[in-house]
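> So that we are looking at the same thing, I have put the structure below in structure tokens.
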């Protein structure tokens, strides 16, 4: 049963002092995340190296540890004290560490293990022999699910092929849910790779080659039964697309292995990474296409175009930030910025200022990137508001990252920047805030700080405003209604005991006093139209897209109403029912553009389009881009192109897509 509670009387005046938190140095480090093209051609096989690696793995107390070096052709010996031996099937055998022949030739190693229902980890080393263009799926390395099940329910870790994610790691949960999360690093055939997969309930993460930043991270539904005990190494549970190559040092754990442990195990192997071949670089070929309603093109991977305005575009590549004045055709303005790969937000102001952020720090350039300075967020008492010091410096959280793409409006004749952080999904826990600036980014203050959510703490340390009873996970969207001179925000996601995380709020800003008053208009559970995003205002009406989830029926669609009627669903007009959850949306010049959430849609990359303010609609599946969710819709540039993020799952950045209405 859906529950919906209207809170009409709670007002939060944000002139109150906000708590100041100790500073973090996590974002001072240059990026060491996945994606660099370096390979491992050899893995030390001498006795001392193998002993060092074995000691490191056993110190983490695995449930089983198959080194896969035994001489017995049929049995994979468990090197842990638990006696969980496995069995080699036809086409699989032990690997000789000092040899060159593969031990997996289409066969699997299988075992039965009593693993926890929804929390476990697996790590392994693999060497793939198959070119990435040769098969639909290059190969599966690990699978948990019932043997021979045609629906392939379970967790399946593999390397993509011609069907999608070519040459990249991916996780798949079976044909029924048909959900896939992909990595970004282009693997090189005939090289060694160390991978650690961690599941904690519906959250999964994959770590590659010693990086503590996940290669894959997001939500992936558990599809196997709670007592699922069948494990397959080197292939999938239904024997589809089994790996051809080498594999050894496989360990499973009945808990979540930490990023620090994953790196320690990788380091213990003593491998040397060298520059890979040029063709291994993850350079995507630009893909152009068209539908009945629009043209589209994929941006080159380098540099990553993060934002645009009129004829300008802001981008980054490893160690460098860039600014274009011809919509990304050339990049005359560049500046070294060691932490560029951790940029999570940018906005080009009307006067040309560029405000951009890493995970925990804001920066402003006022001179086309010749210089930039750090901006410290202020509360309304003028106090510094600093990020907390994370227990894991590699997981400082996303303080400034938004999921929507429009953040500036003309308010009383002056430009105003307002945005909220979409956070607490990957990268660590942070407080949830709405930020604002009235002077083109020279000062940035907090408009609203949400309360302390017990779900999202840093090792038990509470984060957020202790005086605000309204809690949430993150901000979905913030928008301005000029008819009311008011801002609206919606948050997500779930319920915490009797408290909701899904809210709609209305905020009034007093420029003279530099204060905010926020009122909660609606507070509800996640299976209603108020779990939403993509707020837009046109002619005083509010438009939004709902991504309700939970038990059927789902209260989803694209809606419109008078803001005064927001709390009364009987007065809402459903403009379109796409049947699947919608992430974000933009409206400009009569065109409505929105995207499916890929994990819950049969579309690979689902795009919804209306040329006439919702009177008629079309849905398109841009399959060539793989399983992607479209978010962060930016207003059209001076050439008429919308800019759109394409993300794995719904939050991990990958490509940039440009769409131009016909």
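The values are calculated or read from the model by the stated rules, or taken from the named source; none is laboratory data. Everything quoted here is computed from the prediction, not taken from an experiment. So basically every Cβ, Gly included, is an ideal-geometry build from the backbone, and we count neighbours across all protein chains shown.
> Among the candidates 198, 188, which residue alone is crowded, with 20+ Cβ neighbours inside 10 Å and in a strand (DSSP E or B)?
198
> Moving on to the next point. If you go through segment 165-174 one residue at a time, do you hit one that is within 29 Å of residue 455 (Cα to Cα) and out of contact with any strand residue (DSSP E or B) (no Cβ under 8 Å at 6 or more places or on another chain)?
Scanning segment 165-174, I find no residue that is within 29 Å of residue 455 (Cα to Cα) and out of contact with any strand residue (DSSP E or B) (no Cβ under 8 Å at 6 or more places or on another chain), so the answer is no.
> Continuing with this model, one more query. With the structure loaded, tell me whether residue 564 is buried (at least 19 other Cβ atoms within 10 Å of the Cβ) and either modelled with pLDDT of 95 or more or closer than 30 Å to residue 523 by Cβ (or both) or whether it fails that test.
No.
> Is it fair to say residue 465 is surrounded by 20 or more Cβ atoms within 10 Å (Cβ to Cβ), within 28 Å of the chain's Cα centre (by Cα) and over 27 Å from residue 600 (Cα atoms)?
In short, yes.
> Going by what's in this entry, would residue 356 be described as modelled with pLDDT of 95 or more and closer than 30 Å to residue 485 by Cα?
Yes.
> Additional query: Would you check which residues across segment 590-631 are touching a residue at least 40 places away in the same chain (Cβ under 8 Å), more than 26 Å from the chain's Cα centre (by Cα) and either crowded, with 24+ Cβ neighbours inside 10 Å or farther than 18 Å from residue 542 by Cβ (or both) and list them?
611, 617, 618
> Kindly evaluate residue 298 against the criterion of being farther than 30 Å from residue 611 by Cα and crowded, with 16+ Cβ neighbours inside 10 Å.
no
> I would also like to ask the following. Looking only at segment 365-374, count how many residues are part of a loop (DSSP other than H, G, I, E, B) and exposed (fewer than 15 other Cβ atoms within 10 Å of the Cβ).
Result for segment 365-374: 3.
> On to the next question. All but one of (1) closer than 29 Å to residue 214 by Cβ; (2) at pLDDT 75 or above hold for residue 26, so report the exception by its number.
(2)
> Which residue is surrounded by the fewest Cβ atoms within 10 Å (Cβ to Cβ), if the candidates are limited to segment 158-175 and must be at pLDDT 90 or above and in a loop (DSSP other than H, G, I, E, B)?
That would be 175.
> Here's something else I'd like to know. Can you name the residue in segment 289-303 that is in contact with a strand residue (DSSP E or B) (Cβ under 6 Å, 6 or more places away or on another chain) and either part of a loop (DSSP other than H, G, I, E, B) or closer than 19 Å to residue 348 by Cα (or both) and, of all such residues, is modelled with the lowest pLDDT?
The selected residue is 302.
> Scan segment 313-362 for residues that are surrounded by 23 or more Cβ atoms within 10 Å (Cβ to Cβ), part of a loop (DSSP other than H, G, I, E, B), in contact with a strand residue (DSSP E or B) (Cβ under 8 Å, 6 or more places away or on another chain) and touching a residue at least 40 places away in the same chain (Cβ under 8 Å) and jot them down.
Of everything in segment 313-362, just one residue is surrounded by 23 or more Cβ atoms within 10 Å (Cβ to Cβ), part of a loop (DSSP other than H, G, I, E, B), in contact with a strand residue (DSSP E or B) (Cβ under 8 Å, 6 or more places away or on another chain) and touching a residue at least 40 places away in the same chain (Cβ under 8 Å), namely 361.
> Pull up segment 206-219, narrow it to residues that are modelled with pLDDT under 95 and part of a strand (DSSP E or B), then point me to the one that is surrounded by the fewest Cβ atoms within 10 Å (Cβ to Cβ).
Ranking the candidates gives 219 first.
> Could you check segment 494-534 and list, in sequence order, the residues that are at positive phi, more than 23 Å from the chain's Cα centre (by Cα) and touching a residue at least 24 places away in the same chain (Cβ under 8 Å)?
Passing the criteria: only 514.
> Within the bounds of segment 220-243, is there any residue that is outside any helix (DSSP H, G or I), within 19 Å of the chain's Cα centre (by Cα) and under 30 Å from residue 393 (Cβ atoms)?
Looking through segment 220-243, at least one residue is outside any helix (DSSP H, G or I), within 19 Å of the chain's Cα centre (by Cα) and under 30 Å from residue 393 (Cβ atoms).
> Exactly one condition in (1) touching a strand residue (DSSP E or B) at 6+ places or on another chain (Cβ under 7 Å); (2) surrounded by fewer than 22 Cβ atoms within 10 Å (Cβ to Cβ) is not met by residue 155; state its number.
Every listed condition holds for residue 155 apart from (2).
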